[in-house]
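Q: I am attaching a structure below and will ask some questions about it afterwards.
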Amino acid sequence: MKINTHYLDLEESYLFSEIAHRVARYTEEHPEADVIRMGIGDVTLPLCEAAVQALHSAADDQSKKESFHGYGPEQGYDFLRDAVCRYYAKMGVTVDVDDIFIGDGAKSDVGNILDLFDKDNTVLIPDPVYPVYRDTNVMAGRRIVYADANRENGFLPMPDPTVKADIIYLCSPNNPTGAVYSRPQLAEWVKYANDQDAVLLFDAAYEAFVRDPELPRSIYEIEGARTCAIEFCSLSKTAGFTGMRCGYTVVPSELTRGGASLRALWLRRQTTKFNGASYPIQKAAAAVFTPEGMAGCRANLEVYRENARMIAGTLDELGIWYVGGINSPYIWMQCPNGMTSWEFFDFLLEKAHIVGTPGSGFGKNGEGFFRLTAFGSPEGTKEAMRRLKELLG
Ligand code: PLP
């Protein structure tokens with residue numbers, strides 16, 4: 001018996017446990033400190049009313065023989081796939097219902113999609129990055145090359161034609177940086193992927209935060225994307241579904257590699273290893289896409305957006321360099337006075353009782369940067385920004 005020894009190559013993921021440890025130690029020593037948490041990547045507002053109603057009604061369905069639902073289609077119920085299809089259409093993007101796969105969130109699908117690809121592929125991942133892209137490939141023993149994101153390129157690395165890659169990850173709006181690719185920039189990535197016969201894995205988990213109509217929310221807004229890109233989306237941040245678990249993945253019929261349809265392979269993978277997202281959750285998800293559901297979600301998003309605006313406005317006033325915040329719930333700021341990410345973490349915790357996330361935890365290029373999130377309460381965010389101005393002004 002041999003284990004998958006690639007698991008032993010994973011670096012200890014100590015970022016959030018180290019943050020929790022330092023905060024716990026500080027609050028133990030200073031019980032009077034009113035600590036404001038701006039490090040969380042989880043939503044804090046409840047579900048919209050339409051989703052809650054749908055959950056209740058789906059529970060009732062399950063209580064009666066006539067409306068009871070057992071196993072559903074592995075790729076999702078048609079009522080939800082149709083709703084997702086119409087959501088794309090409203091963005092001006094045509095997606096075929098058969099290209100849409102409902103899942104239990106973007107994280108699982110981002111990891112599971114790798115079942116379709118050979119171990120010997122080279123993977124291109126931006127740095128800093130959502131750690132799941134890196135770790136799922138380390139687990140499979142794939143070779144990883146990094147695209148450097150930094151202040152010079154606005155944390156939006158562009159393709160280097162001298163670098164050969166088979167699988168490419170892009171996340172826009174980005175976690176952790178909040179940076180968003182423009183249409184011409186994504187067009188370059190799509191061309192690069194098609195030229196190399198690579199597959200582009202596009203994570204659009206934060207698309208709903210894009211407010212600038214000039215910025216793309218889906219990779220399929222870019223010509224040529226249907227022959228190279230798979231898109232991952234989630235209701236987690238759009239509709240507060242982090243504890244509900246529902247997302248969708250789009251694999252276009254035109255996407256073929258090695259003579260095989262990736263959509264057919266993904267369907268085979270899902271029907272073999274996945275038994276579908278639960279009926280009540282899919283009912284609630286479908287309610288999110290109704291006009292009432294969309295209005296409820298927009299109201300919540302507006303609260304987070306206002307928080308982001310407050311944070312960005314404060315950094316503008318302080319003359320601190322940052323990206324994100326306008327079309328994203330994340331703000332990625334440069335640590336002041338040349339501090340390292342962890343030095344600034346301790347400084348902010350001790351002097352202003354604010355908790356953020358050290359950028360170095362997301363990759364080597366994150367050193368010297370710091371992530372603040374807009375998912376807190378408006379009162380907490382306002383008070384944190386008052387303290388930040390007092391501390392750094
Ligand atoms: N993709 C990115 C970039 C994320 O930041 C997250 C969650 O934080 C996910 C995917 C996971 O989303 P889900 O809750 O749908 O699994």
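Q: Rank these for me by crowding, Tyr330, Tyr192, going from fewest to most other beta carbons within 10 Å.
A: On the way: Tyr330 26, Tyr192 20.
In order of increasing Cβ crowding within 10 Å: Tyr192, Tyr330.
Q: Starting with the highest mean, order 213-226, 149-162 by the number of other Cβ atoms within 10 Å, averaged over the residues of each peptide. Could you put the intermediate results ahead of the total?
A: On the way: 213-226: 19.3, 149-162: 15.3.
Top of the packing list down: 213-226, 149-162.
Q: Ok, one more. Please figure out what share of the DSSP beta bridges in region 49-289 is antiparallel and state it in percent, rounded to the nearest 5.
A: Details: 10 of 27 bridges.
Here the antiparallel bridges make up roughly 35 percent for region 49-289.
Q: Oh, and also: Under the rule of at least 5 residues apart or a separate chain, name every residue whose amide H is placed under 5 Å from the amide H of Val199.
A: Sorted by chain and number, the residues that satisfy this are Ile167, Ile168.
Q: Amide H of Ala147: which non-local residues (sequence gap of 5 or more, or other chain) have their own amide H closer than 5 Å, using H built in the peptide plane?
A: Residues meeting the criterion, in which the H sits 1.01 Å from N, are Ile125, Asp127.
Q: Can I ask one more? Could you work out the equivalent-ellipsoid semi-axes for region 58-126, taking the square root of 5 times each eigenvalue of the Cα gyration tensor, largest first, in whole Å?
A: Details: eigenvalues 189, 71, 20 Å².
Output for region 58-126: semi-axes of 31, 19, 10 Å.
Q: Lysines within cross-link reach of Lys119: Cα-Cα under 29 Å, excluding same-chain residues under 8 positions apart?
A: Straight-distance partners of Lys119: Lys2, Lys107, Lys164, Lys191, Lys273, Lys364.
Q: Report the relative contact order of the chain, percent, no decimals, based on alpha-carbon pairs under 8 angstrom and at least 6 residues apart.
A: 23 percent
Q: Taking the number of other C-beta atoms within 10 Å as the exposure measure, put Asp82, Asp60, Asp104 in order starting with the fewest. Numbers along the way, then the final one.
A: Numbers: Asp82 15, Asp60 11, Asp104 18.
Ranked by crowding around the Cβ, least crowded first: Asp60, Asp82, Asp104.
Q: Summing Lys, Arg as +1 and Asp, Glu as -1, what charge do residues with Cβ under 14 Å from the Cβ of Ala284 carry, Ala284 excluded?
A: Working: positive: Arg245, Lys283; negative: Glu49, Asp60, Asp61, Asp104, Glu292.
Once all neighbours under 14 Å are counted, the net charge is -3.
Q: Hey, another quick one. List the lysines whose alpha-carbon lies under 26 Å from that of Lys389, not counting same-chain residues fewer than 8 positions away?
A: Lys351
Q: Arranged from highest to lowest average of other beta-carbon atoms within 10 Å per residue, in what order do the peptides 108-115, 125-132, 83-90 appear? Each step should come with its number before you reach the end.
A: Details: 108-115: 19.1, 125-132: 21.9, 83-90: 17.1.
Result, highest mean first: 125-132, 108-115, 83-90.
Q: Once you compute Rg and the Kirkwood Rh from C-alpha atoms, what is the Rg to Rh ratio for the chain?
A: Values: Rg = 21.3 Å, Rh = 22.0 Å.
A ratio of 0.97.
Where a number appears in this text, it was derived from the coordinates with a stated rule and is not lab data. What you see is a predicted model; the values in this text were computed from it and never measured. Methodologically, a virtual Cβ is constructed for each residue, glycine included, from the backbone with ideal geometry; neighbour enumeration extends over all protein chains shown.
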